[in-house]
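I have placed the structure first, in the form of structure tokens, so that the comments after it can refer back to it.
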Amino acid sequence: MNSQYELIYEGKAKKIFAHQDPDKVFIEFKDEATAFNALKKAKFEGKGELNCLISSKIFEYLIKNNIPNHYLGLKNDNTMIAQKIRIIPLEVVLRNTAYGSLCKETTFKPGKILEKPLIDFYLKNDSLNDPLLTRDRINLLKIIDDDDFEFIYNLTLKINNLLKAFFKSINLNLVDFKLEYGYNSKGEIVLGDEISPDNCRLWDLNLKNDTIVSLDKDRFRNDLGGLIDAYSEINKRIDNFIKCN
């Protein structure tokens with residue numbers, strides 16, 4: 001980004017810069033990859049651009065389907081323009097299939113399709129290692145009120161239905177994903193952050209056998225290699241889908 005823009009915040013995967021309009025920001029996607037609360041780190045050239053482009057196309061798809069989100073457009077291939085929002089300190093995780101931490105915390109076997117989507121809420125706090133919260137704990141901490149909780153819960157289910165259909169159309173199984181929400185300048189709750197292989201677990205459906213082929217950050221988490229190839233494949237499939245629709 002041009003140095004004329006003030007850096008407001010820098011996270012693990014993105015930098016947020018001030019915009020000329022106080023109700024907007026620039027979000028620059030970084031090439032860094034992190035896992036296990038940033039205990040594992042690496043840099044992959046082109047990762048930021050791929051995540052930005054993938055996110056922008058998915059946000060546009062959600063906007064067309066009446067999902068309120070912060071996306072306003074692209075400044076360039078690795079920087080998007082977005083509404084400035086006050087992030088709600090919750091990570092909202094929806095699971096369609098048992099995998100990862102859910103299998104460590106329950107008796108579910110990896111790959112079990114859940115009877116209905118499971119939504120978990122985690123406190124967005126690195127120093128506490130993002131602990132799992134109950135609804136009562138969310139109330140106790142006064143993070144959001146009951147109306148906003150219900151709004152976020154129901155909107156997450158709607159987003160899941162849209163994303164499952166979207167990814168299935170490009171032969172990807174949406175196993176689980178993480179969302180973040182915030183309040184815009186009008187006090188409205190909108191979807192924020194990103195939707196990319198960094199925060200979605202996506203399995204390739206092109207295979208005829210039961211082998212799991214991850215096209216997401218598990219390539220990095222589990223030392224599988226081919227992270228950029230996987231992200232590039234997702235971006236290519238999305239582009240092909242858009243051209244045909």
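The values are calculated or read from the model by the stated rules, or taken from the named source; none is laboratory data. Source: prediction; values computed, not measured. Note that each Cβ is placed from the backbone with ideal geometry, even for glycine, and that neighbours are counted across all protein chains shown.
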One residue from Tyr99, Tyr61 being among the hydroxyl-bearing types (Ser, Thr, Tyr), under 29 Å from Ile228 (Cα atoms) and outside the structural domain of Leu157 (by TED's automatic domain parsing): Tyr61
Residue in region 46-54 that is buried (at least 16 other Cβ atoms within 10 Å of the Cβ), in the same structural domain as Phe151 (by TED's automatic domain parsing) and small (Gly, Ala, Ser) present: no
Failed condition for Phe121, given (1) assigned to a loop (DSSP other than H, G, I, E, B); (2) surrounded by 15 or more Cβ atoms within 10 Å (Cβ to Cβ); (3) not aliphatic (A, V, I, L, M): (1)
Residues of region 119-156 that turn out to be within 25 Å of Tyr99 (Cβ to Cβ) and of a type in the set (Phe, Trp, Tyr), as a count: 3
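Taking the stated definitions as given, is Ile242 in contact with a Lys or Arg (Cβ under 8 Å, 6 or more places away or on another chain), outside any strand (DSSP E or B), surrounded by fewer than 16 Cβ atoms within 10 Å (Cβ to Cβ) and on the phi < 0 side of the Ramachandran plot?
Judged against the criteria, Ile242 is a match.
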Condition met for Ala82 (at positive phi and either buried (at least 21 other Cβ atoms within 10 Å of the Cβ) or at pLDDT below 95 (or both)): no
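So which of Ile67, Ile85, Ile113 ends up being farther than 26 Å from Ile8 by Cβ and touching a residue at least 12 places away in the same chain (Cβ under 8 Å)?
Ile113
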Residue check, Val25 buried (at least 21 other Cβ atoms within 10 Å of the Cβ) and either assigned to a loop (DSSP other than H, G, I, E, B) or assigned by TED's automatic domain parsing to the domain that holds Asp223 (or both): no
Residue check, Ile88 within 26 Å of Pro131 (Cβ to Cβ), under 17 Å from the mean Cα position of the chain (by Cα), crowded, with 16+ Cβ neighbours inside 10 Å and at pLDDT 95 or above: yes
